[in-house]
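Colleague: Here it is, the structure in full.
The values are calculated or read from the model by the stated rules, or taken from the named source; none is laboratory data. Keep in mind it's a predicted model, so treat the numbers as computed, not measured. FYI the Cβ positions are ideal-geometry reconstructions off the backbone, even for glycines, and counts take in every protein chain you see. Ligands, DNA and RNA are stripped out before the accessible areas are found, and what is left, the full protein with its side chains, is counted by its heavy atoms. Shrake-Rupley method; radii C 1.70, N 1.55, O 1.52, S 1.80 Å.
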Amino acid sequence: MILFEIEAPPQESWNGELLGYALWWRGSNASRALTVAGWTSTRTRLGGLRPHARYEVRIRSFNSVGAGPPSAPLAAATLEDVPESPPQYVRCEPLSAQSLRVWWEPPPVAERGGLLLGYEITYQARLINIMSLWNLLLMHKNQTIETEGQKFP
């Protein structure tokens, strides 16, 4: 979100009653417009913008005849936010009985929400419930059972 404060042009340049403002902004892959009614409106918010993105904004005042000339382009930027997407192509392989190697690719640039400072890796040990496994083996005596990548005759 970007907050804009608007100051009305000098009254002698209105050429009639000032009815409001038209804002136009352009980002890297889209442009949009917004109308703000009333010349006393001095603030407006541009929402629905991408985090950590740059925009060019122009403002025009209008009366009953039409819009006046646009302002000089104004550069604006949104703040950083949390990443919109997780890391991609996450892979894991065992290195030993006590360690794993985990690697990945970062999220797409447009979905990082800003500068990535690091990654958080969480894991949880999963223990096999011996009694459940024993009962399973008893029910399927002559079959091979596979559970969590391990085979039991």
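Colleague: Among (1) under 30 Å from ASN15 (Cβ atoms); (2) open to solvent by less than 70 Å² (accessible area, probe 1.4 Å); (3) part of a strand (DSSP E or B), there is one condition SER71 misses while meeting the rest; what is its number?
Modeller: All conditions pass for SER71, except number (3).
Colleague: Kindly indicate whether GLY27 is in contact (Cβ under 8 Å) with a residue 24 or more places away in the chain and closer than 17 Å to MET1 by Cβ.
Modeller: For GLY27, the condition - in contact (Cβ under 8 Å) with a residue 24 or more places away in the chain and closer than 17 Å to MET1 by Cβ - is met.
Colleague: Against the condition under 26 Å from LEU115 (Cβ atoms), in a strand (DSSP E or B) and of a type outside the set (A, V, I, L, M, F, W, C), how does ARG91 come out, does it pass? Give the derivation first.
Modeller: Working: under 26 Å from LEU115 (Cβ atoms): yes; in a strand (DSSP E or B): yes; of a type outside the set (A, V, I, L, M, F, W, C): yes.
Criteria met by ARG91.
Colleague: Against the definition (open to solvent by 80 Å² or more (accessible area, probe 1.4 Å), among the small types (Gly, Ala, Ser) and assigned to a loop (DSSP other than H, G, I, E, B)), how does SER64 come out, yes or no?
Modeller: Yes, satisfied.
Colleague: When you scan the stretch 9-19, do you find a residue that is part of a strand (DSSP E or B) and touching a Phe, Trp or Tyr at 6+ places or on another chain (Cβ under 9 Å), even just one?
Modeller: no
Colleague: Can you name the residue in the stretch 20-38 that is open to solvent by 70 Å² or more (accessible area, probe 1.4 Å) and in a loop (DSSP other than H, G, I, E, B) and, of all such residues, is farthest from VAL57 (Cα to Cα)?
Modeller: Checked the stretch 20-38; the qualifying residue farthest from VAL57 (Cα to Cα) is ASN29.
Colleague: Still on this structure, please answer the following. Across the stretch 44-58, what is the total count of residues that are surrounded by 15 or more Cβ atoms within 10 Å (Cβ to Cβ) and assigned to a strand (DSSP E or B)?
Modeller: 5
Colleague: Do the conditions hold for LEU3, that is, is it open to solvent by less than 70 Å² (accessible area, probe 1.4 Å) and assigned to a strand (DSSP E or B)?
Modeller: no
Colleague: Please find, within the stretch 96-147, the residue that is modelled with the highest pLDDT out of those that are among the charged types (D, E, K, R) and over 35 Å from the mean Cα position of the chain (by Cα).
Modeller: LYS141
Colleague: Moving on to the next point. For SER41, are the conditions met, namely being at pLDDT below 90, surrounded by fewer than 17 Cβ atoms within 10 Å (Cβ to Cβ), in contact with a strand residue (DSSP E or B) (Cβ under 9 Å, 6 or more places away or on another chain) and hydroxyl-bearing (Ser, Thr, Tyr)?
Modeller: Yes, satisfied.
Colleague: Right, something else. Under 6 Å between Cβ atoms, which residue pairs at least 6 apart in sequence (or on different chains) link something in the stretch 41-63 that is more than 23 Å from VAL82 (Cα to Cα) and in contact (Cβ under 8 Å) with a residue 12 or more places away in the chain with a partner that is in a loop (DSSP other than H, G, I, E, B) and small (Gly, Ala, Ser)?
Modeller: Going by the 6 Å Cβ cut-off, the qualifying pairs are ARG58/SER71; ILE59/SER71; ARG60/GLY68; SER61/GLY68; ASN63/GLY16.
Colleague: Scanning the stretch 102-128 for residues that are touching a strand residue (DSSP E or B) at 6+ places or on another chain (Cβ under 9 Å) and assigned to a loop (DSSP other than H, G, I, E, B), which turns out least open to solvent (accessible area, probe 1.4 Å)?
Modeller: In this case the residue turns out to be PRO107.
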